[in-house]
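*Asks:* I have a structure here, written as structure tokens, and I will follow up with some questions on it.
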Amino acid sequence: MKIVVCVKQVPDTEAKIVIGNDGKSIDPADVKYVMNPYDEFAVEEALKIKEANGEGEVIVLTVGGEDAQPAMRTAMAMGADSGVLLKAEQAELADGLSVAKALANEVKDMGADLILAGKMAIDGYGHQVAVMLGELLDLPVLPTAKSLEIADGKATVVRDIEGGKETVTAATPCIVTAEKGLNEPRYPALKGIMQAKRKPLEIKDVSLAEEGIEILEMSYPPKKPEGRIIGEGPEVAAELIKLLRDEAQVL
Amino acid sequence: MKLLVFAEQREGQLKSYALEAISEGRRLADATGGTLLVALIGSGISDLADQVSAYGADEVVVADDAGLKSYAPGAYARILKEVLAESGASIAILTSSAMGRELSALLAAKADASLLSDVVETQWDGDHLVVKRPVYAGKAFLKVAVKRTPTVVTLRPNVFAAAEKAGSGVVQSVTPSDIGSKVQVIDTAMKDSDRPELTEAGVIVSGGRGMGGPEHYTVIEELADTLGAAVGASRAAVDAGWRPHADQVGQTGKTVSPNLYIACGISGAIQHLAGMSSSKCIVAVNTDPEAPIFKVADYGIVGDLFEVVPALNNAAKDLLG
Ligand SMILES: Cc1cc2nc3c(=O)[nH]c(=O)nc-3n(C[C@H](O)[C@H](O)[C@H](O)COP(=O)(O)OP(=O)(O)OC[C@H]3O[C@@H](n4cnc5c(N)ncnc54)[C@H](O)[C@@H]3O)c2cc1C
Ligand SMILES: Nc1ncnc2c1ncn2[C@@H]1O[C@H](COP(=O)(O)O)[C@@H](O)[C@H]1O
């Protein structure tokens, strides 16, 4: 089974965000970059499927700059076999459709039996690239999987929907996006880290399709006025409820 | 200028955020002298058209078919694509709900359109739409201009006001040509709970590691029921197995923006804040006066939640009747 996993490198969730001089993107200095947490679930799931089958191939695919390789190496250290970096400038907050097109162009000839991705990238918060990829390839998409079972040429996924959960199924090849809870990603072992350095990582130049949107400005969230601690213990409960009703007017 | 809003419904009930989307669509249409189209997709939903026009729809496009009763991504997206193409609408507006997230991306790919998700503000700059949306878990915002149409946007629930405004609501039925789907739903299990959904709730009471165990959530639930609120949790509580993942608020959980968010026994880690910092009013109850949650809270009480939360519940019952 050949499994392609779409992996994006993103700033660590703890990273302090400083807006760069262009006023449209972040200053990458001092930012630690990591694999998108949802993509870690996708990599782990691919490895589990390969291990359960006793054979197979896991390929990680990234659209990003030259410096996006560490996340791919991390995936390889976890156990992925190889990687393809579609090298493009300014991919971090690029139009999702352009990124999906670049991925689709590569995936269409790879002969993948399954494509895994994260439900969203925590930098741009797009929630779109993987679903678009499926649509562009005319393949079924099973988003936000909390469990995945592959059997008899079908993928079956359980996912949360508003007010409950549902089980959905589609024929493979298809695209599945990972939600938290799908699995517990493994930590790369030292041996894996050593091996990862020698695994094939192909770099291809691509140019992203012209974007339909333009970033005008990046700004910090509006500063909220300092909150106030109204007191200690249950004695102030009634005062709080009054404030919520009369001052904040939220009750 | 035409705008198309998809009005999400389940089981014949319009979602509260569908009304928010229609109202925002109306506002945008009015600002340019444009027309607002609203699409309804489902089965036995024709009577929702009146409700939709009461919020300002000029035209209501209804795809009513037994085969569309439950959400079918492929079929719904194809219908929206057809409506978008035929109407020539320049902006399609959905919601960043579970359904809207998937549908918007499918629609955008079909229509070769860009997609701007989780929008919290919209305005016109001449005839370009400019939107504001959070990035980096709410640590920054982007102002983005739409350069090419059609473009798809999804609005964050609970951010835009829903307001009634009579519209002409001319109803037009469309017959879907193909309701086949590559994805089959084989089972749906709904929780029966009288509490509102987290992403739709106006008030949320959330409990974290400070709850100390699953059995103690009754104090949170009692306050939630008095306030008509949903119950949320931190990841620490979810990872401990005290609450289902569906209740998790934060970066790897749900993004919520209720009018009131009450955080009990939650320290306020950056990943938790990512999911709730856009709430209009935040209350924190924590024994530790140094807990970071107090930095983002509008009101705080330092104290043991097992004493404070029941007292809040009693006060709420007394004062709100
Ligand atoms: C990639 C990543 C993603 C993450 N995503 C999320 C996410 O989506 N959501 C999320 O919540 N977290 C997330 N986290 C985890 C986050 O970093 C914190 O670990 C988590 O939010 C802590 O939960 P907590 O506040 O309940 O627990 P703690 O940090 O342990 O805080 C417990 C608080 O309860 C207080 N307390 C204890 N007893 C009482 C009492 N009796 N009365 C009142 N107060 C009391 C304590 O003073 C303390 O402040 C993520 C982390 C990572 C690395
Ligand atoms: N630049 C990229 N390279 C590879 N995969 C990506 C890229 N951007 C997004 N993805 C994949 O698509 C998912 C959803 O991303 P997004 O739509 O940006 O939130 C991510 O979890 C990745 O699996």
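The values are calculated or read from the model by the stated rules, or taken from the named source; none is laboratory data. Nothing here was measured: the structure is a model prediction, and the numbers come from that model. Neighbour counts are summed over all protein chains in view; Cβ atoms, including those assigned to glycine, are modelled from backbone coordinates with ideal geometry. For accessibility, only protein heavy atoms count, side chains too; no ligands or nucleic acids. Shrake-Rupley method; radii C 1.70, N 1.55, O 1.52, S 1.80 Å.
*Asks:* Show me the strands (runs of 3 or more DSSP E) entirely contained within segment A:129-204 in which 3 or more residues are within 27 Å of A:Asp95 (Cβ to Cβ).
*Replies:* Working: elements: A:141-145, A:147-151, A:154-161, A:164-171, A:175-178.
The qualifying strands (runs of 3 or more DSSP E) are A:141-145, A:175-178.
*Asks:* Limited to segment A:96-134, what total is found for residues that are more than 12 Å from ligand 2 (Cβ to nearest atom) and in contact (Cβ under 8 Å) with a residue 12 or more places away in the chain?
*Replies:* First pass over segment A:96-134, keeping only residues more than 12 Å from ligand 2 (Cβ to nearest atom): A:105, A:108-114.
Subset that is in contact (Cβ under 8 Å) with a residue 12 or more places away in the chain: A:105, A:108, A:110-114.
Going through segment A:96-134 one residue at a time, the tally reaches 7.
Every residue, every condition in (1) within 16 Å of ligand 1 (Cβ to nearest atom); (2) touching a residue at least 60 places away in the same chain (Cβ under 8 Å); (3) surrounded by 19 or more Cβ atoms within 10 Å (Cβ to Cβ); (4) among the hydrophobic types (A, V, I, L, M, F, W, C), yes or no:
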| site | (1), (2), (3), (4) |
| --- | --- |
| A:Ile26 | no, yes, yes, yes |
| A:Ala46 | no, yes, yes, yes |
| A:Glu51 | no, no, no, no |
| A:Glu55 | no, no, no, no |
| A:Val58 | no, no, yes, yes |
| A:Thr62 | no, no, yes, no |
| A:Asp67 | no, no, no, no |
| A:Gly83 | no, yes, yes, no |
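*Asks:* Right, next: Kindly provide the set of residues from segment B:295-312 that are open to solvent by 30 Å² or more (accessible area, probe 1.4 Å) and free of Cβ contacts under 8 Å to residues at least 40 places away in the same chain, ordered by number.
*Replies:* Taking segment B:295-312 first, the residues open to solvent by 30 Å² or more (accessible area, probe 1.4 Å) are B:295-296, B:298, B:304, B:306-307, B:310.
Of everything in segment B:295-312, those that are open to solvent by 30 Å² or more (accessible area, probe 1.4 Å) and free of Cβ contacts under 8 Å to residues at least 40 places away in the same chain turn out to be B:Lys295, B:Val296, B:Asp298, B:Asp304, B:Glu307.
*Asks:* If a residue has to be at the interface with chain A (Cβ under 9 Å from one of its Cβ atoms), outside any loop (DSSP other than H, G, I, E, B) and open to solvent by 10 Å² or more (accessible area, probe 1.4 Å) to count, how many in segment B:239-252 make the cut?
*Replies:* Count: 2.
*Asks:* Examine segment A:181-202 for a residue that is surrounded by 21 or more Cβ atoms within 10 Å (Cβ to Cβ) and charged (D, E, K, R), and state whether such a residue exists.
*Replies:* no
*Asks:* Now for a separate question. Among the listed residues B:Thr218, B:Thr226, B:Thr255, identify the single one that is open to solvent by 20 Å² or more (accessible area, probe 1.4 Å) and modelled with pLDDT under 95.
*Replies:* Details: B:Thr218 fails: modelled with pLDDT under 95; B:Thr226 fails: modelled with pLDDT under 95.
Going through B:Thr218, B:Thr226, B:Thr255 in turn, the sole match is B:Thr255.
*Asks:* Now, a different point. Hey, which of the strands (runs of 3 or more DSSP E) in segment B:128-194, taking only ones fully inside, have at least 1 residues that are more than 9 Å from every other protein chain (Cβ to nearest Cβ)?
*Replies:* Details: elements: B:128-135, B:140-146, B:151-155, B:170-173, B:183-190.
In segment B:128-194, the matching strands (runs of 3 or more DSSP E) lie at B:128-135, B:151-155, B:170-173.
*Asks:* Still on this structure, please answer the following. Would you point out the residue of segment A:1-14, among those that are more than 8 Å from every other protein chain (Cβ to nearest Cβ) and either free of Cβ contacts under 8 Å to residues at least 40 places away in the same chain or within 11 Å of ligand 1 (Cβ to nearest atom) (or both), that is farthest from the chain's Cα centre (by Cα)? Walk me through how you get there before you give the answer.
*Replies:* At the first step, the residues of segment A:1-14 found to be more than 8 Å from every other protein chain (Cβ to nearest Cβ) are A:1-10, A:12.
If we keep only those that are either free of Cβ contacts under 8 Å to residues at least 40 places away in the same chain or within 11 Å of ligand 1 (Cβ to nearest atom) (or both) as well, we get A:10, A:12.
Numbers: A:Val10: 9, A:Asp12: 12 Å.
The residue in question is A:Asp12.
*Asks:* Taking B:Pro214 as meeting all but one of (1) more than 9 Å from ligand 1 (Cβ to nearest atom); (2) within 10 Å of chain A (Cβ to nearest Cβ), write down the number of the exception.
*Replies:* (2)
*Asks:* Please indicate, with yes or no, whether at least one residue in segment A:233-245 is assigned to a strand (DSSP E or B), free of Cβ contacts under 8 Å to residues at least 12 places away in the same chain, of a type outside the set (D, E, K, R) and at the interface with chain B (Cβ under 10 Å from one of its Cβ atoms). So that I can check it myself, show each step before the final result.
*Replies:* Let us first name the residues in segment A:233-245 that are assigned to a strand (DSSP E or B), namely none.
No, segment A:233-245 contains no residue that is assigned to a strand (DSSP E or B), free of Cβ contacts under 8 Å to residues at least 12 places away in the same chain, of a type outside the set (D, E, K, R) and at the interface with chain B (Cβ under 10 Å from one of its Cβ atoms).
Conditions (1) more than 22 Å from A:Pro225 (Cβ to Cβ); (2) of a type in the set (A, V, I, L, M, F, W, C), marked per residue:
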position: B:Thr218; (1), (2): yes, no
position: B:Leu223; (1), (2): yes, yes
position: B:Thr226; (1), (2): yes, no
position: B:Ser234; (1), (2): yes, no
position: B:Ala237; (1), (2): yes, yes
position: B:Ile262; (1), (2): no, yes
position: B:Ile270; (1), (2): no, yes
position: B:Gly275; (1), (2): no, no
position: B:Ser278; (1), (2): no, no
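*Asks:* Return only the number of the condition from (1) more than 18 Å from the chain's Cα centre (by Cα); (2) of a type in the set (A, V, I, L, M); (3) open to solvent by less than 40 Å² (accessible area, probe 1.4 Å) that B:Ala166 does not satisfy.
*Replies:* Going through the list (1) more than 18 Å from the chain's Cα centre (by Cα); (2) of a type in the set (A, V, I, L, M); (3) open to solvent by less than 40 Å² (accessible area, probe 1.4 Å), B:Ala166 breaks only (3).
*Asks:* Select from segment A:145-164 the residues that are crowded, with 16+ Cβ neighbours inside 10 Å and touching a residue at least 12 places away in the same chain (Cβ under 8 Å) and list them in ascending order.
*Replies:* Answer for segment A:145-164, where residues must be crowded, with 16+ Cβ neighbours inside 10 Å and touching a residue at least 12 places away in the same chain (Cβ under 8 Å): A:Ala145, A:Lys146, A:Leu148, A:Ile150, A:Ala155, A:Thr156, A:Val157, A:Val158, A:Arg159, A:Asp160.
*Asks:* Any idea which of (1) in contact (Cβ under 8 Å) with a residue 40 or more places away in the chain; (2) assigned to a helix (DSSP H, G or I); (3) aliphatic (A, V, I, L, M) is the one B:Leu106 doesn't satisfy?
*Replies:* Going through (1) in contact (Cβ under 8 Å) with a residue 40 or more places away in the chain; (2) assigned to a helix (DSSP H, G or I); (3) aliphatic (A, V, I, L, M) one by one, B:Leu106 breaks only (1).
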